[in-house]
Every structure is written in structure tokens, then in C-alpha cells.
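What follows is a set of notes on a single structure, which appears directly below.
No lab work stands behind these numbers, since they all come straight from the coordinates. Remember, it's a predicted structure, so these values are computed and weren't measured experimentally. Every residue, glycine as well, gets a Cβ built from its backbone with ideal geometry; the counts of neighbours run over all protein chains shown.
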Amino acid sequence: MSTFSVESINPMPASATSTSLGASPRVIPRPAYPPVTEVALSFVKEVVWQGGVTGAFLTSFAFPGYQWTRAVAKEWEVSDQLYFAIMTSLVHTVIYLVCNFGFYFMDKYEVAQKYKLERKPHMTPSAALMRKMATEATIGQLITSPLISYFLYPTFTYFGMYELDAPLPDFPSLMKTFVIGHMFNDIGFYWTHRLFHCKALYKRFHKQHHEFTGTIGFAAEYANPVEVVVSNQIPTVGGVLFFGAHPLCVWMWIGMRLQQTYEAHSGYCFDGHILDKLWITHSESAAHHDHHHTANQGNFGGLYTDWLFGTMDHYQKIGGKEGYITLKKGVKAAPKKKV
């Protein structure tokens, strides 16, 4: 009978070898990966439902409000480029503040602690690290993000972004936009993130992000500027940039993507919550990425990308999502019955 221990997630197994691209040790013998049916269901949940269906619904619901903001911008004679920059930055900042202060107050007032993943004392970020993160976040939200949004507007229009006053596409077209955006992000983030784990690049570009070993939502975007552009911004906007989209879809997708990554870095995994059963929260992403930060061995993307490219040996060795959640709550997992 095997049990899980806290120590089992920290050292590299003695019988492991690393892959050539990224710090993803092979466990020998290799643990069983989830069946294709489980991975397919996860894909349907995250990409099709939480991406395509939810994105299309929220965009349709928000369209009257979008039309109102356009009318106000025209009345005040705000240029299209400035309007795009204001709206993009506003979406980014509002989602950042609402999500992350929400998780902060959950920590402070000990709300929903049964969904909180364990944090050891050494995982608590220092005051100096928090100040550095807050300084970089303030500069990013108030200066960098607005400027990038402003100067990227011609690029969006060049690649086919709809005119700001264009009618909203039909529901299937909206779904297609969000599915493409989700998959572009998943694959782009996986490969760029895995690349930054190469020995030659890790210390120079990616180590900063891993200064938060027990990650928090505020730290989701705490990274070297090169990584921010290559691994965060391009994968996030690429699907709605290079394939063309309605401006409202651009902002809705950015908001949805930010919410997912803040939750995945929050230290909360809402597995079993009613919202998770309704396919609203991101428990799979939260456990999957939290393991990446605490163990730093594989799990470069989401379940289906790491499954496809074989970079989740260590995660599967401890039982995948269920094993990791059990482990981080300090409880021994029940042994599997022999067949």
C-alpha cells in the first residue's frame, strides 16, 4: 500500500531523467497518464464550454453596454485608437483588482479555507518580494499596459479586427472565436513556458516568476519583461489578433483569460464546489499549475497539452489532481483497491 507524503513532491526522483526541453523529469517506471476520455472531458469543459459557450454568451449579454460606451466615446470625440486602449486597460485593471483582492480577503478573513491548498512557512512571500511585485504591477497597470494597447491598435486592425461599430457576429461565430483564442493560448503558452524552463533561459528570464513558490493571484503576471511578452501577452491575444475578432470579443477573451490565470495562481482549488460542478471555476488548472510552482517539475501548460507532450510524470506519480489536492491538505490518500 502506498501513501503520499509532503516530501514526495519536492526532490527529483532518483530514477528520473530530464527531457531535452524544459525541466520535466521522466519517472521510471513512468506512471499511468489519465485515460483519453478524461482528457477529452477536460478539454470540452475548459475550451468548448468555459471558452466557446461561456465567451459567446457573455459577449452577447455585454453587447448593449458596449454600444453605450461607444456612444459616449463618440460624444466626447475620443479617437478609436484611444478608446481601444482605454477599454483594454480598463478590462485588465478591473479583473486584476476584483479577482486578486477577492483572493486576498479570502486569505485575510479565512473564507473558504477548505479549498485552500497548503502553504508551508517558507512559501510565504517576504515583504520585500511583495513590494517589488506591487511596484511592477502598478507600473504595468497604469503605464505599460495602456501604452501597449494604444500602439497595438493598428496591428489588430491590420490582422482583421472588426470595426468598432460593427454588429456582433452570430453565436456560432462567437464560439469559434473563443475556442480559437483558447487553443492558441494553450499551445502558445505551453511551448514558450516550457522553453523558458531550459537551463540556458530559466535563470535569466523565468526564475523571477518562480520566486513565488507558494504562488498567489497577484503574482500571476509577476515576470521578466521578455517572458511577459513572449509567454503571456502573445499567447493570450494571438488567437483574437491573428485571426480577427470583434473588439468586444478581444476584451471579453482577455478578461476570461486573466480570471483563469489569477485563479490558477491563487492557491485555491475549488474542486467539489457547486460552481466547479457547474463548470464555472477552474479547479483542474488550479491544481495543475500549483503543482508546477511548488514542485517545479513539469506541468508546463494545461492537462491536455501536458498529456499530449508527456510532461506530467511527477504530477501523475502523486495521483494527478486528486492526489495533489489530498497531499496539499495534509491527508493520506486512500489506497487504490487491487483489481
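Observations on the structure shown:
- Between the alpha-carbon centres of region 240-276 and region 135-212 there is a gap of 12 Å.
- Efficiency of FRET between Tyr158 and Thr138 - r from beta-carbon atoms, R0 25 angstrom, step 0.05: 0.20
- Residues Ile139, Ile86, arranged from fewest to most other Cβ atoms within 10 angstrom of their Cβ, appear as Ile139, Ile86.
- Low-density loop cleavage sites - chymotrypsin sites (Phe, Trp or Tyr not before Pro) in region 74-132, where at most 14 other Cβ are within 10 Å (DSSP): Trp76, Tyr109
- For region 97-150, taking the reciprocal of the average inverse distance between every pair of different Cα atoms yields a Kirkwood hydrodynamic radius of 13.4 Å.
- Using θ = phi - 60° and Karplus 6.51 cos²θ - 1.76 cosθ + 1.60, couplings along region 180-186 (whole Hz; Gly, Pro as x): 4, x, 5, 5, 4, 5, 4
- Mean projection of the Cα convex hull over all viewing directions, computed for region 248-338: 7.3 nm².
- Within region 90-143, the GluC sites (Glu not before Pro) that combine a DSSP coil assignment with at most 14 other C-beta atoms in a 10 angstrom radius are Glu110.
- Taking the convex hull of Cα positions in the chain, its mean projected area over all directions (nm²): 18.3 nm²
- Cα shape, region 176-313, gyration tensor, a/c 1.5 rule: oblate
- 3J(HN,Hα) along region 210-222: 8, 5, 8, 6, x, 5, 10, x, 4, 8, 4, 9, 7 Hz, from the Karplus curve 6.51 cos²θ - 1.76 cosθ + 1.60 with θ = phi - 60°, whole Hz, x for Gly and Pro.
- For region 156-249, the spread of Cα coordinates along the three principal axes comes to 46, 25, 20 Å, biggest extent given first.
- Taken over region 49-204, the percentage of Cα pairs per 5 Å bin, counting from 0 up to the bin with the maximum distance, is 1, 7, 9, 13, 18, 18, 14, 9, 7, 3, 0.
- Label-point gap, in nm, between Val229 and Leu275 - each point 7 angstrom along Cα→Cβ: 3.5 nm
- Extending 7 Å from Cα along the Cβ direction at Trp49 and again at Phe63 yields two label points whose distance is 2.5 nm.
- Placed amide H near Tyr268: partners under 5 Å, 5+ positions off or other chain: Leu117
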